[in-house]
Amino acid sequence: MKNVKMILATIALSAASFGAFAADVVTQEPAQQQAIGTISAQGGASLGSLEAQLNAKAEEAGAKSFRITSTSGQNNLHGTAVIYQ
């Protein structure tokens, strides 16, 4: 029983630490980070889902943060962002 509790605690702490590595959305260029590229996403049903898609792509690219530079569309949103390291 003690081992089961220890395993569950390890899994919970591991899952919590992955959230710490998520890319941050910024509204202006970060002072001590450099732009490393751009990303885009499409098919978002809302601004929140489009931001989530861009966040996932920024994380895949290893970015520390990203700044959304454009969004367009009505029912099928498209957006672009600059990623920073």
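The values are calculated or read from the model by the stated rules, or taken from the named source; none is laboratory data. Quantities reported herein were computed from a predicted structural model and do not represent experimental measurements. Note: ideal-geometry Cβ built from the backbone for every residue, glycine included; neighbour counts use all protein chains shown. Ligands, DNA and RNA are stripped out before the accessible areas are found, and what is left, the full protein with its side chains, is counted by its heavy atoms. Shrake-Rupley method; radii C 1.70, N 1.55, O 1.52, S 1.80 Å.
In segment 9-51, what count of residues is obtained for those that are of a type outside the set (A, V, I, L, M), open to solvent by 70 Å² or more (accessible area, probe 1.4 Å) and at pLDDT 85 or above?
Here is the first cut: in segment 9-51, the residues of a type outside the set (A, V, I, L, M) are 10, 14, 17-19, 21, 24, 27-30, 32-34, 37-38, 40, 42-44, 46, 48-49, 51.
Remaining after also requiring open to solvent by 70 Å² or more (accessible area, probe 1.4 Å): 10, 18, 21, 24, 27-29, 32, 34, 38, 42, 51.
Remaining after also requiring at pLDDT 85 or above: 24, 32, 34, 38, 42, 51.
Summing the residues that are of a type outside the set (A, V, I, L, M), open to solvent by 70 Å² or more (accessible area, probe 1.4 Å) and at pLDDT 85 or above in segment 9-51 gives 6.
Among the residues of segment 52-65 satisfying the criterion of being farther than 10 Å from Ala22 by Cα and within 8 Å of the chain's Cα centre (by Cα), which is surrounded by the most Cβ atoms within 10 Å (Cβ to Cβ)?
Leu54
Please go through segment 69-85 and give me each residue that is among the hydrophobic types (A, V, I, L, M, F, W, C) and more than 13 Å from Ser49 (Cα to Cα), ordered by number. Step through it out loud before you land on a result.
Of all residues in segment 69-85, those among the hydrophobic types (A, V, I, L, M, F, W, C) come to 77, 81-83.
Those that are among the hydrophobic types (A, V, I, L, M, F, W, C) and more than 13 Å from Ser49 (Cα to Cα): Ala81, Val82, Ile83.
Which one is farthest from Ala45 (Cα to Cα), of the residues in segment 73-83 that are surrounded by fewer than 19 Cβ atoms within 10 Å (Cβ to Cβ) and at pLDDT 95 or above?
Residue satisfying both the conditions and the ranking: Val82.
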